[in-house]
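Bear in mind these aren't lab numbers, they're just calculated from the coordinates by the rules spelled out. Keep in mind it's a predicted model, so treat the numbers as computed, not measured.
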Amino acid sequence: MNTKHIAAAIIACGILSAVVFTYMLVNNPSANNENSGRFGTSLADYMVNKSSDILAMAILGNSSDIVYPELMDAILIPQEAGTWLVRITLLDDSEGPYNLSLYEEEFYASVSDVEGINQAFYGGLEHTVESQVSIYDVTDLGIMGFGLDILYNDGTWIQLLTIQSGVGYMILLEGTYQNTPDTANPFGYGLGRDTNLLNGAVLEPGSALNNLILQMNQVFTDHLDN
């Protein structure tokens, strides 16, 4: 693939990311923006109930190096053998901004790897508070950091997008899906669910997710750096 083709591919990915972000802003404005009682009695109880009920998971790295160097996205799909297939797309910019290339990797992660991410996620949420910054303002504050999308076998889902600005913000959405999910599709569109960011809860601070970031990074490092 020559430089022009690579550049075109990167531009296409940028356009796709923008389309996904816009889709989430405008699609199906029907969810409740109230965050209180979102997880019932406590996040700890909610986390325990969800720890072994994961159907699929997707991580959007946004090529920002926050989760893992060069990571754009990762899809985690359970296998019959009890492991998880992890398919990732990375962006290589080692030869400069005008000589970029996309490449893919895959590996098998353990159940404990995936449950560790899930638990670190809910553990981090326990240390957040609802922000005074409105959902309309936070989407204009800075660039997206990373995203996490988890589907559960009981028909529920939860999604997080982080914003790199100020104390660090995150937009949290959750709900139920109606259709059979396509577990090979990043962020699980086509589920008949509301993925409108404007219906999400704005939480802070971003530092509450430090352990989640470390947990995700460790999984990728263990399998890709050895």
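For the reader, a short list of remarks on this structure follows.
- Cα gyration tensor, region 77-128 - rounded (a/c under 1.5), prolate or oblate: oblate
- Tensor-based shape of region 106-226 (alpha-carbon gyration tensor, a/c under 1.5 rounded, otherwise prolate or oblate): oblate
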